[in-house]
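*Asks:* Okay, handing you the structure first.
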Amino acid sequence: MGLLEIVFPPRCAGCGDGPWPFCPPCRATLVVPAPPWCRRCARPLPAPRPTCRACPPPPLASARWPFLYGGAARSAIHRLKFSGWRRVASALAGAMAEVAGGGADAVCWVPLAPARRARRGYDQAEALARALAAELGLPAVR
């Protein structure tokens, strides 16, 4: 923990008020995907299926996410993307590492368009990829 974090401790990635990374009320809004789901992309479905309409295009073999997009997960992503809360990447990366499948050689990202990067001041996809790579002990590759 750095001096800056002692003076200004990180706040909840969901609401911005509670303890880091997610306060108890925000943690209660985090919905972890669970079966029945699409076996390829983990999208919740009424019955299990090998693939679905939302599956990523080939050559991606599968996709996983730690939380459904809503509640504190949605708020955290918005803080990362639009409010410059770069630290949120580490909160999300920890959860992403828990659902990541093995066998990866590196973590990569799709770079943000130059105009958006200029407006936001950084590339949130890169921040998230680098945080995830650190969690997994893998290189981050553009």
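The values are calculated or read from the model by the stated rules, or taken from the named source; none is laboratory data. Predicted model, so just to flag it, every value in this text is computed and none were measured. When we count neighbours, we look across all protein chains shown, and the Cβ atoms used for this are built from the backbone with ideal geometry, even at glycine. Heads up: the accessible areas ignore ligands, DNA and RNA and are worked out on the full protein's heavy atoms, side chains in. Shrake-Rupley method; radii C 1.70, N 1.55, O 1.52, S 1.80 Å.
*Asks:* Among the residues of region 71-83, write down those that are polar (S, T, N, Q) and in a helix (DSSP H, G or I).
*Replies:* The one that is polar (S, T, N, Q) and in a helix (DSSP H, G or I): Ser75.
*Asks:* Can you report the number of residues in region 13-32 which are in contact with a Ser or Thr (Cβ under 9 Å, 6 or more places away or on another chain) and open to solvent by less than 30 Å² (accessible area, probe 1.4 Å)?
*Replies:* Here the count works out to 5.
*Asks:* Suppose we filter Ala47, Ala73, Ala89, Ala63 for residues that are without any contact (Cβ under 8 Å) to a residue 12 or more places away in the chain and at negative phi; which single one remains?
*Replies:* Criteria check complete, one pass: Ala47.
*Asks:* Would you check if Arg86 is at pLDDT below 95, part of a helix (DSSP H, G or I) and open to solvent by 70 Å² or more (accessible area, probe 1.4 Å)?
*Replies:* no
*Asks:* When you scan region 108-126, how many residues do you find that are more than 16 Å from Val88 (Cβ to Cβ) and outside any loop (DSSP other than H, G, I, E, B)?
*Replies:* Total satisfying the criteria: 7.
*Asks:* Quick one: is Leu68 in contact with a Gly (Cβ under 7 Å, 6 or more places away or on another chain) and either among the small types (Gly, Ala, Ser) or in a loop (DSSP other than H, G, I, E, B) (or both)?
*Replies:* Here the answer is no, as Leu68 does not meet what is asked.
*Asks:* Pick from region 33-59 the residues that are in contact with a Leu (Cβ under 8 Å, 6 or more places away or on another chain) and part of a loop (DSSP other than H, G, I, E, B): which of them is most open to solvent (accessible area, probe 1.4 Å)?
*Replies:* Per the criteria, the residue is Pro36.
*Asks:* Please work out which one of (1) more than 14 Å from Ala13 (Cα to Cα); (2) touching a residue at least 12 places away in the same chain (Cβ under 8 Å) is the condition Ala118 fails and give its number.
*Replies:* If we test Ala118 against (1) more than 14 Å from Ala13 (Cα to Cα); (2) touching a residue at least 12 places away in the same chain (Cβ under 8 Å), just (2) comes out false.
*Asks:* Continuing with this model, one more query. Check off (1) of a type outside the set (A, V, I, L, M, F, W, C); (2) open to solvent by less than 50 Å² (accessible area, probe 1.4 Å); (3) over 26 Å from Thr29 (Cβ atoms); (4) not in a loop (DSSP other than H, G, I, E, B) for Arg130 and give me the number that stays unchecked.
*Replies:* With (1) of a type outside the set (A, V, I, L, M, F, W, C); (2) open to solvent by less than 50 Å² (accessible area, probe 1.4 Å); (3) over 26 Å from Thr29 (Cβ atoms); (4) not in a loop (DSSP other than H, G, I, E, B) applied to Arg130, the lone miss is (2).
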